[in-house]
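Read the structure below first, then the notes.
The values are calculated or read from the model by the stated rules, or taken from the named source; none is laboratory data. Note that this is a predicted model, so its numbers are computed, not measured. Don't worry about glycine lacking a Cβ; one is built from the backbone with ideal geometry, like all the others, and counts go over all protein chains shown. For accessibility, only protein heavy atoms count, side chains too; no ligands or nucleic acids. Shrake-Rupley method; radii C 1.70, N 1.55, O 1.52, S 1.80 Å.
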Amino acid sequence: MRERLVEIRTKRGYTQEQMANKLSIARTTYKGYEKGNASPSLEVALNIKRILNYKNDDIFINSNVC
């Protein structure tokens, strides 16, 4: 998840701070999503997809799971 999230966020031109502000969460919380230390709630995950205008579900698929 973290690689896709960082990749898509940077392609859209957002910083971690901007994403956190748009989500009304702390930057450290958002950073945890990108580092893989935390997982967003369903509501936050849907808001991330909406903000990034990303339609596919693969943004949150854990690439380490077979």
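Just one of the listed residues (I25, I8) is in contact with a helix residue (DSSP H, G or I) (Cβ under 9 Å, 6 or more places away or on another chain), open to solvent by less than 90 Å² (accessible area, probe 1.4 Å) and part of a helix (DSSP H, G or I), and it is I8.
Within region 24-43, residues that are touching a residue at least 40 places away in the same chain (Cβ under 8 Å) have Cβ atoms under 7 Å from residues that are in a loop (DSSP other than H, G, I, E, B) in no pair, counting only partners at least 6 apart in sequence or on another chain. Could you check how many residues of region 28-60 are small (G, A, S) and either in a helix (DSSP H, G or I) or open to solvent by less than 30 Å² (accessible area, probe 1.4 Å) (or both)? Qualifying residue count for the region: 2.
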